[in-house]
1. Which order do the peptides 122-128, 233-239, 208-214 come out in when sorted by mean C-beta neighbours inside 10 angstrom, highest first?
2. Exactly which GluC sites (Glu not before Pro) in the stretch 1-72 are in a DSSP loop and have at most 12 other Cβ atoms within 10 Å?
3. Using DSSP to define loop residues, name the chymotrypsin sites (Phe, Trp or Tyr not before Pro) in the stretch 171-205 whose beta-carbon has at most 13 other beta-carbon atoms within 10 Å.
4. Residue 108: net charge of surrounding residues, Cβ under 13 Å, Lys/Arg +1, Asp/Glu -1, itself excluded?
Amino acid sequence: MTFLELAERVLKEVKKPLSVSEIWDYATKAEFNVKLGSQGKTPSATLGAQLHVNARDNKNSLFATIGSRPKKFYLKSLKYNKELLVEEDLEAKGEVEDTLRYSEKDLHQLLAYFVYYHMKAHSKTLDHTKTSKKYYGEWIHPDMVACYFSIDELKSEVYDLIRSINKSPVRFYSFEIKKKLSFGNLRESFFQAVSNSSWAHESYLVTSDISEEKEFTEELVRLCNSFGIGVILLDVNDPDDSEIVIDADAKDGVEVDTINKLAINPDFKDFLVRIRKDVDSKEIRKEWYDRVESRESLIKFFKNKKYR
């Protein structure tokens, strides 16, 4: 059984829209998961990634979605009670309350989880307070950076060949994080991302709450298309329901001059040194990158955040 077949079976039995976590929880209780051909270390994350991509990119997908917080999946082939879909849609669209006492900094651990499990990369948070603003003013560097290594994907001989012909065995990601995105902060947030993130192979604006106004969405898409910046929507209720809502343009190379400027930050400099050592040794030392918390601990952390 594949992950998509597992999701299809669950949704056929439950006959109501479910989030990724709800699908996986039902599947494990019904022991459908034991029939998977391959689970990997984080099967729920794999399930979520495959469902999001299939429903978004495959016109012939069996799955449709409603809501966004969290996004819920249902089968196009089943006939649902319209009132049920309306109720589920309203529930899934429940906005993140401004009164929730989580900070922008708290979102770093959610992004670290998403980057590791859904983008197969290793992230590093940059401490802005360590950067001297003497020469460059504000908007010096992104909030987080990450690196994807091809070490685990390629045979040793292929990896060595890539390096010998001056091809990079790594890809860089850059992230600017905002707790909320709306017309009130769109332009500042977006151009902050452009200013300090365009050096990487892929650059993203990351948020946990995004306006659903039609005019806002159209403007956000226009800006992203113009500058190649992607958007990641983090889900504070379940990290596996986080997703890339707008893809970033992937570049072949990086801006060396900008990387050199960013190296005035000690954390970024250490990040570069660590990557070089891991590339040379063909061994990724995960302890030198951001700690990746478990799904359960992240859910508990944000659930325990009290209202003001």
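Each reported figure results from applying straightforward, stated rules to the coordinates on display, with no laboratory input. All values derive from a computational prediction rather than experimental measurement. Every residue, glycine among them, receives a Cβ derived from its backbone with ideal geometry; neighbour counts consider all protein chains shown.
1. Numbers: 122-128: 20.1, 233-239: 22.3, 208-214: 16.6.
My ranking of the peptides, most packed first, is 233-239, 122-128, 208-214.
2. Details: sites: 5, 8, 13, 22, 31; in loops: 31.
Within the stretch 1-72, the qualifying GluC sites (Glu not before Pro) (loop, at most 12 other Cβ atoms within 10 Å) are 31.
3. Values: sites: 172, 173, 175, 183, 190, 191, 199, 204; in loops: 183, 199.
Hits after loop and neighbour filter: 183.
4. Values: positive: 105, 124, 178, 179, 291; negative: 104, 106, 127, 143, 176, 267, 290, 293.
Around residue 108, the charge tally is -3.
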